[in-house]
Amino acid sequence: MMKSVVSKEYQELQKRIVQLQEQWKQSINPETIRPSLDKAAMAAGMPAVSQTAIDFDISLFLQWIAELNQTLIANNPDLEPKLAAVVDVLTEETVIRWIEEAYSFNQIYFEKFADEHGVDQWIPPFLAETALRPYLQLTAEKVQPAITHGVPGAGCPVCGEPVRLAALEEEGKKVVHCPRCLAHWHARRLECSHCGNTDHEKIHFLTIEGDPVSQIQVCEECNGYIKIIDTRQYIEKPSAALMDLNSIHLDFVAQEHGYSSMDEKKQNS
Ligand SMILES: [Zn+2]
Ligand SMILES: [Zn+2]
C-alpha cells in the first residue's frame, strides 16, 4: 500500500522530534516574542513573523541542538562523528546566522556552510530549521486570532511556508494548516491557495486508492497542489506536523503527476 513509502522508523523519529519541539516551545519566555502586525502588510502577504520582534535565546538554541543530536544519535549511532563535527563549528555568531537563514529558506547559504566546514549537506539546515520551529510555533499561537485567511501565492500568513496541507473539518469547512508553525486559517473549498484561481473547471481532485480520507487538490492554472485530509472521522485530531508527515505519500503522487506545492512566485525568485 502507498502509505509505506516512509519507514516506520523514520516516522517514529519524526514524532519524537515533534515532541521535543513541543517541550522546547514551553521553555521559551512568551515575552520575548512581540508581534506588531500591520494590516496592509498582512494583506500584501508579508508573513507575521517578519513583523515580529523575537529575542532569540542563543544558549537555549544550542541546548536544543544538543538534545536533537542525542535523539538522532540514539536512532543512528553512525551520525555521532558527523554531528560532532557540526557542533564544533557552532559559534554564537553562527547560530544567529543560522536562525536568519533558516527563517528565509536560504539553501544556498547552508550548502556553502556545509562545503566550507566539510560537514554533511543535510545537517546544518536540518538542525537550524528544527530548532527554529518552536519560535515560529509560539509566534503563531500569539497571532492566531488575527489570522483569518491566506493570501494566494504568499504561503503561510505566519511563517511564509508554501501551502501544502488542509483539513476538512466540521460542516465540510476547509481549513489550511501550516505544518511548520502550526498556524491555520479558513479557505474556500474551490480555491487554489497558490494562485487564487477559483475556476472550478480548472481545479481537480486526485484520490488515492485505499485511502478514503485523503485527496489532492490540483490546479491546472498554476500546476499547484495541496493535500486535503478529511479529519471529521478522527476522534483525536493529529497535529498538522504529523498530518503532513503521515500523508507524505500524497506528495509523491502529486509530484509524480507534475504538480508542485511551491508557489510559482517563490520558485522564480
Ligand atoms: Zn507557517
Ligand atoms: Zn493555482
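Give all pairs with beta carbons closer than 9 Å in which a residue from the range 15-35 that is among the acidic types (Asp, Glu) meets a residue that is assigned to a helix (DSSP H, G or I); count only pairs at least 6 apart in sequence or on separate chains.
Glu22/Pro134; Glu22/Gln137
Determine which single condition Val49 fails, assuming it passes every other condition in (1) closer than 19 Å to Asn29 by Cβ; (2) within 18 Å of the chain's Cα centre (by Cα); (3) more than 16 Å from ligand 1 (Cβ to nearest atom).
(3)
Wholly within the range 196-269, which strands (runs of 3 or more DSSP E) include no fewer than the required count, namely at least 2 residues that are in the same structural domain as Glu170 (by TED's automatic domain parsing) and loosely packed, with under 14 Cβ neighbours inside 10 Å?
203-208
Only helices (runs of 4 or more DSSP H) wholly contained in the range 1-114 count here; list those with 3 or more residues that are in contact with a Pro (Cβ under 7 Å, 6 or more places away or on another chain) and closer than 29 Å to His249 by Cβ.
By residue number, 8-26.
Quick check: anything in the range 125-148 assigned to a loop (DSSP other than H, G, I, E, B) and either out of contact with any Ser or Thr (no Cβ under 6 Å at 6 or more places or on another chain) or within 16 Å of ligand 1 (Cβ to nearest atom) (or both)?
yes
Which of the residues that make up the range 115-124 are in a helix (DSSP H, G or I) and either within 19 Å of the chain's Cα centre (by Cα) or under 21 Å from Leu72 (Cα atoms) (or both)?
Hits for the range 115-124 are His117, Ile123, Pro124.
Condition test on Ile228, is it within 16 Å of ligand 2 (Cβ to nearest atom) and not aromatic (Phe, Trp, Tyr)?
Yes: the conditions hold for Ile228.
Across the range 149-194, what is the total count of residues that are part of a strand (DSSP E or B) and more than 13 Å from ligand 2 (Cβ to nearest atom)?
Qualifying residue count for the region: 11.
Hey, Glu161 hits all of (1) in contact with a strand residue (DSSP E or B) (Cβ under 6 Å, 6 or more places away or on another chain); (2) within 14 Å of ligand 1 (Cβ to nearest atom); (3) free of Cβ contacts under 8 Å to residues at least 40 places away in the same chain but one; which does it fall short on?
Here Glu161 meets the rest and fails (1).
Looking at the range 211-230, is at least one residue within 15 Å of ligand 1 (Cβ to nearest atom) and at pLDDT 95 or above?
Yes, the range 211-230 contains a residue that is within 15 Å of ligand 1 (Cβ to nearest atom) and at pLDDT 95 or above.
Please state which one of Ile235, Ile208, Ile228, Ile203 is of a type in the set (A, V, I, L, M), over 25 Å from Ser104 (Cα atoms) and in contact with a Lys or Arg (Cβ under 8 Å, 6 or more places away or on another chain).
Exactly one of Ile235, Ile208, Ile228, Ile203 is of a type in the set (A, V, I, L, M), over 25 Å from Ser104 (Cα atoms) and in contact with a Lys or Arg (Cβ under 8 Å, 6 or more places away or on another chain), namely Ile228.
In the range 103-113, what count of residues is obtained for those that are in contact with a helix residue (DSSP H, G or I) (Cβ under 7 Å, 6 or more places away or on another chain) and at pLDDT 95 or above?
3
Pick from Gln14, Gln70, Gln21: which is at pLDDT below 95 and polar (S, T, N, Q)?
Gln14
Quick one: is Ile208 in contact (Cβ under 8 Å) with a residue 12 or more places away in the chain, of a type outside the set (Asp, Glu), within 10 Å of ligand 2 (Cβ to nearest atom) and in contact with a Leu (Cβ under 8 Å, 6 or more places away or on another chain)?
No; evaluated as a whole, the condition is false for this residue.
Of the residues Glu201, Glu221, which is farther than 15 Å from Ala167 by Cα and in contact with a helix residue (DSSP H, G or I) (Cβ under 7 Å, 6 or more places away or on another chain)?
After applying the criteria, what remains is Glu221.
The values are calculated or read from the model by the stated rules, or taken from the named source; none is laboratory data. Predicted model only: the values in this text are computed from it and were never measured. Glycine also receives a Cβ, built like all others from the backbone with ideal geometry; neighbour counts cover every protein chain displayed.
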